[in-house]
Every structure is written in C-alpha cells, then in structure tokens.
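Written below as structure tokens is the structure these notes are about.
Any read-out appearing in this document is the output of simple, stated calculations on the displayed coordinates, not a laboratory observation. All figures in this text were calculated on a predicted structure; none of them were measured in a lab. All Cβ positions, even for glycine, are placed from backbone atoms using ideal geometry, and neighbour counts span all protein chains on display.
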Amino acid sequence: MSRREFRLKAVARKTKKSFGQSIKVDGTLAKKVALSCRILAKLGLFKETTGHVSARSLDGRTMLIRGRGGSETGLIFTRPNDIVLSDFDGAPLKNRGGLKTPNEACIHGEIYKRRPEAGGVVHAHPASIVLTSMAGIPLRPIFGGYDPQGMRIALRGVPMYESSLTLHSVEQVHEMLEVMGESDICVLRGHGVVVAGKTIEEATIKAIKLDHLAEMNLRAAMLGSVPSVPQEDIDRFLSRRQAPGRTQEPLWRFYEEWEKRN
Ligand SMILES: [Zn+2]
C-alpha cells in the first residue's frame, strides 16, 4: 500500500466516524458529473483517462468526483458508477467497485474548502490551452457578439500557473490557488486548466467557453495578424449591464441534447 493510500484510508476511517453511517451517493448529481465528463471529453477537453469533474454534495461537506481504476474506460465513456463520493481530502467514503479518487483530487477539495460558494470544479487538458500557454499566445478579445461569454473571459484576463506538472499535493494546489486569486479560471501552462463554478453546469460551460477562446486565438496566431476588437467596442460592452438572472441552463440543455446524439 502506498503512503498516499495509507493516509487516505486513515482519513476515511476518521471521516466516516464524523459523518455517521448515513452517507449516501446522490444519484442525480452523480449522473450530472458523468454527463459533464462525457460532454467535455466529446468536445476534446479530456484525453483518454485523464482529467476530472466534481460537484459539491448537497450536504456541503463532501464531493462527487470522477474516479480512477475499477472498470473505468476513459472520460468519454463515463457512467454514473464511475463517480466516487469523497471528502475534501480525497478519501473515498463509499467503496464502489475498487474506484479511487484521482491523484489530483486535492485540486477540487481545496477549492471547496476555500470557496464556500463553489459547487462544481472542472480540471481538463484541452489541446488549445496547452498550445496557447506553451507558445505564449495571449487569450485576447478577438471577437465580440460571436461569443460574449468568451469575450468577457478574455477581458477579465486569465491567470497562469507556471508549473506543467500534475498537482498531487495540497502545497502545489495552494500555490496554484494563490495565482488563481479571485478568478474562476486558472490556466496551468503546458498542462491544462482549472475552472470553478457555482454549479457543475456553470463550471462545465465556462470550461467550454475558455476552450473556444483559446482555439480562436490559436487559429488567429496561425493566420498572423488578427487584431483585438476595437477599444470602443470593449468600452461599450463593459458598460452593458449583464441581464440579471441569466443562467447557463439553456446552454447546458443544448449540450445535454448534443451529447446524446454524438
Ligand atoms: Zn491534470
């Protein structure tokens, strides 16, 4: 047994005691986590068996996260049974077919600990992000009405964590969170991206919008001289009030239907 497994088992024993015997997996939420994995994988944000999505459980103190091991067959084929209930230290609270939490589960757990408002986290490895971050291509606002959500991400700016290594320790995650600051997004140079949202739907859509923004900037860099949209447009865009109560639900429904057909 590795040191990590030994530590997680000890934490799980302690956590089970404090949670009591009534720990239940929320089936509806597990389905949503699995769906988010499949959507992002079909869009190319996940590669093979790497990357993960999680959602904070209704109890607020645990998370449902894409597991590793067991009979898993990659992110694109994720089933609700591939989702593990765990505490924020990455210790599984239910034994489901030998599934473990991913080595980078601490990314999710530390975000939930620090941000009480966070309900969903995506850690993906989009090629567009890996290439733009390694090539030093900034994510500029090169479109407006084509995708206002993507434009807003570009205007807010996207922090970049410099290390390309996977984040296995809480210390590494804390370093990354320092860089991330107040943003919902952090690019990990040569590695991928971390996106937090109030809900799993919001985190998923934001990750997609970021991927679109990076993909467009990558293509623009290959064309050579695509300017950013004029400052006048940016000023007018920023002076617009965001429609109150607008949510990601219609886009989530779009991707839910799209996933069924793809
Ligand atoms: Zn990773």
**OP:** List the DSSP H helices in the chain whose Cα atoms stretch 20 Å or more along the helix axis and whose mean Kyte-Doolittle hydropathy is at least 0.0.
**Re:** 27-42, 200-223
Original post:
How much mean residue ellipticity at 222 nm does the chain get from its helices, if each DSSP H run of length 4 or more adds -39500 (n - 2.57) and you divide by all residues, to the nearest 500 deg cm²/dmol?
Top reply: -14500 deg cm²/dmol
**OP:** Compute the relative contact order of the chain as a whole-number percentage, counting only Cα pairs closer than 8 Å that sit 6 or more residues apart in sequence.
**Re:** 19
**OP:** Treat each spin label as a single point 7 Å out from the Cα along the C-beta direction, and report the residue 162 to residue 77 distance in nm.
**Re:** 4.1
**OP:** Determine the sum of side-chain charges near residue 210: Lys and Arg each +1, Asp and Glu each -1, restricted to other residues whose C-beta is under 12 angstrom from that of residue 210.
**Re:** 0
**OP:** Estimate the FRET efficiency between residue 262 and residue 149 by the formula 1/(1 + (r/R0)^6), using the beta-carbon distance for r and 22 Å for R0, to the nearest 0.05.
**Re:** 0.55
Subject >> Entries of 24/260; 47/94; 32/198 with Cα pairs more than 18 Å apart >> reply: 24/260; 47/94
Subject >> Whole-Å semi-axes of the ellipsoid equivalent to region 3-261 (Cα gyration tensor, √5λ, descending) >> reply: 33, 19, 17
